[in-house]
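Chemist: This structure is in structure tokens; I'll ask about it shortly.
The values are calculated or read from the model by the stated rules, or taken from the named source; none is laboratory data. This structure is a prediction, so every number in the text was calculated from the model and none was measured. When we count neighbours, we look across all protein chains shown, and the Cβ atoms used for this are built from the backbone with ideal geometry, even at glycine. Note: accessible area is taken over every heavy atom of the protein model, side chains too, but ligands, DNA and RNA are not part of it. Shrake-Rupley method; radii C 1.70, N 1.55, O 1.52, S 1.80 Å.
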Amino acid sequence: MEITLVQALLIALWTGLALAGSLLGIYSNRSLVLSFGIGLILGDVPKALTVGAIGELAFMGFGVSPGGTIPPSPLGPGIFGALLAITNPNIDGQTAFSLSIPFAIAIQFAITAINTLMSFSPALAKKAIVEDNDKKFTLYANLSFLLQLLIGAIIGFVAAISTSSINQMVNMIPEFITNGLSMAGAMIPAVGFAMILSNMIRKENVAFVLLGYILAAYLEMPLMGVAAFATFFAIYEYQRKSDKKTLEITEENDERMEFTDGI
């Protein structure tokens, strides 16, 4: 599949708006959102969402960002991965996701560099307020947004026009390596879940994690069924703790009343 100039420009616009939109507090810079736009532009939403969904599962753990680390950019699977999955019939969603990770890391380096360069803009905006210069303040206050919009558009356009060249290189990869990339792409979401569980799980919740695994892996219960089980236990646990807390408060009040009566 060849991407036309109009489609490349639409992809550039979509990528820029999605990247800059994250500065407005909306979740536009997500793999699923980015890939959905690519699917609409290229006319193949299911394939695009396949890569986007894998990216969301993986980035669920990557987004934890332990310490000072920064996860790869969702633009990797959301843009490059979706483009590869749609334009190359020889690769599946898992392989496309694996191939997009290097782009995700490179893009994040570029975005981090831009944010570092823009660290001076708040000081300049404050200076413009002191000088009562509305035009300068408006420029400096929106400079980060405008740069993110521009950089996103450049990334989207370059990704679109270079897709054919990337596909040629991908088609030169031996089949056993492609199969390995597909397996790696299928495993990365599990790594994402493991990363987030390592930060969230507590020893009193281990039994529920094992129950969910048994229901899904051995009893082959659909995910909605597992979610229903989880909802039941969550409600039960919430009510149990609420009743326990109410009982403790009541007992504490009774002890205070007894102590007061004794005095």
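Chemist: Per residue, how much accessible area does the chain have with a 1.4 Å probe, in Å²?
Modeler: Accessible surface, normalised per residue, equals 61 Å².
Chemist: Okay, moving on. By how many degrees, 0 to 90 and rounded to 10, does the Cα axis of helix 206-217 deviate from the longest principal axis of the chain?
Modeler: With both axes taken from Cα atoms, the answer is about 50 degrees.
Chemist: Quick check: the angle from helix 121-130's long axis to the longest principal axis of the chain, C-alpha only, nearest 10 degrees?
Modeler: The helix 121-130 is inclined about 80 degrees to the chain.
Chemist: Still on this structure, please answer the following. Where in the range 156-199 is the amide nitrogen less than 18 Å from a point lying 7 Å along the Cα-to-Cβ axis of Thr4?
Modeler: Within reach of a label on Thr4: 157, 160-164.
Chemist: Further, regarding this structure: Rounded, prolate or oblate for the chain? Axes are the square roots of the Cα gyration tensor eigenvalues, ordered a ≥ b ≥ c, and the cut-off for rounded is a/c under 1.5.
Modeler: oblate
Chemist: Which order do you get for Glu204, Glu56, Glu175 if you rank them by accessible area with a 1.4 Å probe, largest at the top?
Modeler: Result of the area sort, largest leading: Glu175, Glu204, Glu56.
Chemist: Another question, then. When the Kirkwood hydrodynamic radius is evaluated over all pairs of different C-alpha atoms of the range 92-142, what value in angstrom, to one decimal, is obtained?
Modeler: For the range 92-142, the Kirkwood estimate is 13.4 Å.
Chemist: Once both labels are modelled 7 Å past Cα along the beta-carbon direction, what's the Thr250-Val158 spacing in nm?
Modeler: 6.6
Chemist: Relative to the longest principal Cα axis of the chain, at what angle does helix 223-262 sit, 0 to 90 degrees, rounded to 10?
Modeler: 40
Chemist: Here is a further query. With springs connecting C-alpha atoms under 10 Å apart, model the chain as a Gaussian network and identify which of Lys47, Lys241, Lys136 has the largest mean-square fluctuation.
Modeler: Result for the chain, Cα springs under 10 Å: Lys241 fluctuates most.
Chemist: Using a simple spin-label model with points 7 Å from Cα along the Cα→Cβ vector, what separation in nm is obtained for Leu146 and Leu211?
Modeler: If labels sit at Leu146 and Leu211, their model points lie 5.6 nm apart.
Chemist: A further question on this structure: Among the lysines, select those whose C-alpha is under 28 Å from the C-alpha of Lys203, and discard any that sit fewer than 8 residues away in the same chain.
Modeler: Lys241, Lys244, Lys245
Chemist: Report the dimensions of the range 32-126 along its three principal axes from the alpha-carbon atoms, largest first, rounded to Å.
Modeler: On the principal axes, the range 32-126 reaches 51, 29, 18 Å in Cα extent.
Chemist: Once both labels are modelled 7 Å past Cα along the beta-carbon direction, what's the Leu139-Gln168 spacing in nm?
Modeler: Once both label points are built, they end up 4.3 nm from each other.
Chemist: Roughly speaking, to the nearest percent, how much of the chain's 1.4 Å accessible area is carbon and sulfur?
Modeler: Result for the chain: 69 percent of the exposed heavy-atom area is carbon or sulfur.
Chemist: In deg cm²/dmol and to the nearest 500, what is the mean residue ellipticity at 222 nm of the chain if only DSSP H runs of at least 4 residues count, each as -39500 (n - 2.57), divided by the residue total?
Modeler: -26000 deg cm²/dmol
Chemist: From the C-alpha gyration tensor of the range 1-64, pull out the three semi-axes of the equivalent ellipsoid (sqrt of 5λ each), sorted largest to smallest, in whole Å.
Modeler: The three semi-axes for the range 1-64 are 21, 16, 7 Å.
Chemist: Let me ask something else about it. Please work out the FRET efficiency for the pair Phe109 and Leu197, using the Cβ-Cβ distance as r and a Förster radius of 30 Å; give the result to the nearest 0.05.
Modeler: Computed FRET efficiency for Phe109 and Leu197 comes out at 0.60.
Chemist: Follow-up question, since we're still on this one. Using alpha carbon coordinates only, what is the Rg to Rh ratio of the range 100-252, with Rh defined as the Kirkwood radius?
Modeler: Reported Rg/Rh, Kirkwood definition of Rh: 1.18.
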